[in-house]
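Here the structure is laid out as structure tokens; the discussion comes afterwards.
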Amino acid sequence: MALLKDQPISCLSEWMAYDSKLSILSEQETTSIDSKSRLAQNEIETQVISFLLRHSGSSDSAARQLTSKVTVTEALSRWHSMLSLALFYADLAALQNSSLHRDQSRYYEIKAEAAKEQLFDTGLGIVNLPIPKAPIPLVVSTPGANQERLLRGRIRFANSDGAVGAPSDEFLLDMTDGESISISVGSLPPDCSGWLLFLGETSEALFMATPAALSAATTLTITGSMPSPADPVLILDAQPADRFIRYSTELWR
């Protein structure tokens with residue numbers, strides 16, 4: 001699970017699972033599903049803070065800090081997807097005065113409300129020691145005589161217990177002219193002991209290129225043997241929730 005603060009909660013592939021015509025509509029119309037997704041994210045974060053104030057027993061300041069520990073569960077992702085779609089179709093209905101789009105907006109609005117209720121019924125997932133999504137690392141390319149390759153990469157942070165955070169966005173390692181490439185991260189977040197690198201020729205198959213987490217001070221040079229198809233494949237799941245806060249109750253894992 002990624003963290004709520006990692007952003008975004010859900011993405012186009014998830015929205016299209018509910019509405020396959022979405023990408024075509026978003027390209028044709030002046031309104032953008034991405035902009036509505038950001039609005040939905042802001043609204044959800046506000047409602048999550050309100051929920052935590054009412055049901056976690058925390059002060060205003062503590063409740064806001066607690067949002068950095070909220071994980072993206074299936075129910076939270078569904079709520080964001082439904083709300084993004086509701087806002088998108090509401091904007092289309094207003095622009096085109098379309099009853100069809102108005103009906104679509106209302107449909108997803110009802111679905112969003114149901115997803116929200118399910119989330120707060122089953123519980124808001126909390127991680128005790130959150131590991132944030134990793135940023136794209138510093139990639140330095142210098143002339144060389146290495147194997148000509150074009151790789152894709154992502155990194156993720158890890159702690160001393162082996163827990164990992166959400167992977168970074170994808171970045172390219174262009175060695176098509178035999179360049180030598182090195183990667184570094186500069187610094188680590190609190191409670192993180194190192195970072196892991198995943199490489200591959202396609203976005204769909206990235207393999208772990210570091211057998212163990214590397215320290216912040218480590219600069220990693222890409223070699224011709226990286227990655228090996230025998231290495232572990234990148235799995236997008238990150239930290240599971242350690243506890244759940246629901247209506248006036250905390251459930252511990």
Yes or no: residue 189 surrounded by fewer than 20 Cβ atoms within 10 Å (Cβ to Cβ), modelled with pLDDT of 90 or more and outside any strand (DSSP E or B)? yes
So, in segment 123-177, of the ones that are closer than 30 Å to residue 58 by Cα, part of a loop (DSSP other than H, G, I, E, B) and of a type in the set (Val, Ile, Thr), which residue ends up farthest from the chain's Cα centre (by Cα)? 127
Could you run through segment 31-68 and say how many residues are buried (at least 16 other Cβ atoms within 10 Å of the Cβ), touching a residue at least 24 places away in the same chain (Cβ under 8 Å) and among the small types (Gly, Ala, Ser)? 3
Of the residues in segment 74-102, those that are of a type in the set (D, E, K, R) and over 18 Å from residue 33 (Cβ atoms) come to 74
Sole miss for residue 115 among (1) surrounded by fewer than 17 Cβ atoms within 10 Å (Cβ to Cβ); (2) part of a helix (DSSP H, G or I) is condition (1)
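The values are calculated or read from the model by the stated rules, or taken from the named source; none is laboratory data. If you're wondering where the values come from, they're calculated on a predicted model, not measured in any experiment. Positions of Cβ are generated from backbone atoms using ideal geometry, with glycine treated the same way; all protein chains shown enter the neighbour counts.
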